[in-house]
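Throughout, read-outs are computed from the coordinates displayed, never taken from laboratory work. Quick caveat, the model's predicted, so the values are computed rather than measured. Quick reminder, even Gly has a Cβ in these numbers, built from the backbone with ideal geometry, and neighbours come from all protein chains shown.
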Amino acid sequence: MSAALQSNEVADGKHITIHLNDPIAADLDVIGSNEYIGWYVHRPEDWASEYGKPLIMSEFGCDALFGKHGDVLARWTEEYQENLYEHQLIMLKRIPFLRGMTPWVLKDFRSPRRTLPRIEDYFNRKGLVSDHGEKKKAFLVLQKFYRELQSAQPPK
């Protein structure tokens, strides 16, 4: 049994650690975390868990409008999303108990609560592919990651 857990961001002034400390983890076989690091929360240096169980990063990512370009620090741009994915993958590689991940989400989808004009227009824009099927820059980052991971695997 698995579940996405609550976590706490712990900072000591210059170092941020995400601490997975949801008490339900004691009853689970696999722990999960929905984290939007760089979008909703700061970028941590480390991850900690007292449970000694495998972690699945069950959601991560950020919004980008296909075709909106700008600086890597400009939210809603493909460059921001691309940069976030690049940093997210570096961070994920440093979690020793990570056993899997699922970025949120493959394709932009309708969402009545997403009302930002000319950006969201009633769509969740966290997709790696637009609602019209166009691949965003972050798609290519994740594609490269998976190809490198696949080529590093020994043949079966």
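Against the chain, whose longest principal axis comes from its Cα atoms, helix 137-152 is set at around 40 degrees.
Under 8 Å for C-alpha pairs, at least 6 residues apart: give me the relative contact order for the stretch 2-145, rounded to a whole percent.
Numbers: 294 pairs, mean separation 27.2, N = 144.
Relative contact order of the stretch 2-145: 19 percent.
Helical runs assigned H by DSSP (4 residues or longer) give the chain a calculated mean residue ellipticity at 222 nm of -7000 deg cm²/dmol, each run adding -39500 (n - 2.57) before division by the residue total.
Pairs LYS53/LYS93; LYS136/LYS156; LYS93/LYS136: which exceed 27 Å Cα-Cα?
Listed pairs above 27 Å: LYS136/LYS156.
The H on the amide N of VAL129, modeled in the peptide plane, is under 5 Å from the matching H of LYS107, ASP108, LYS136, each at least 5 residues off or on a different chain.
Across the stretch 104-116, rounded Karplus estimates of 3J(HN,Hα) from the backbone phi angles (6.51 cos²θ - 1.76 cosθ + 1.60, θ = phi - 60°) give 9, 9, 5, 10, 3, 9, 5, 8, x, 8, 9, 10, 4 Hz, Gly and Pro being marked x. Going by alpha carbons, how many degrees (0 to 90, nearest 10) lie between the helix axis of 78-93 and the longest principal axis of the chain? On a 0 to 90 degree scale, this one is about 10.
For the stretch 71-109, the list of trypsin sites (Lys or Arg not before Pro) that fall in a loop by DSSP and count at most 12 other C-beta atoms within 10 angstrom reads ARG94. Against the set (1) 47, 32, 32; (2) 65, 43, 26; (3) 44, 42, 33, the structure's computed Cα extents along the principal axes in Å falls on (3).
Note on the chain: antiparallel DSSP beta bridges, both residues inside, total approximately 30 percent of the bridges counted.
Near the amide H of VAL41, within less than 5 Å, lie the amide hydrogens of TYR36, all on another chain or at least 5 residues away, with H placed in the peptide plane.
Scalar couplings 3J(HN,Hα) for the stretch 94-100, obtained by applying the Karplus form with A = 6.51, B = -1.76, C = 1.60 to θ = phi - 60°, are 8, 8, x, 9, 6, 10, x Hz; x denotes Gly and Pro. Applying the criteria of a DSSP loop state and at most 11 other Cβ atoms within 10 Å to the chymotrypsin sites (Phe, Trp or Tyr not before Pro) of the stretch 5-91 yields TYR40.
Return the loop-located GluC sites (Glu not before Pro) in the stretch 28-107 (DSSP other than H, G, I, E, B) with at most 14 other Cβ atoms within 10 Å of their own Cβ; answer none if there are none. Intermediate results must be reported in sequence, preceding the final value.
Working: sites: GLU35, GLU45, GLU50, GLU59, GLU78, GLU79, GLU82, GLU86; in loops: GLU35, GLU45, GLU50.
In loop regions of the stretch 28-107 (DSSP not H, G, I, E or B), the sparsely surrounded GluC sites (Glu not before Pro) are GLU45, GLU50.
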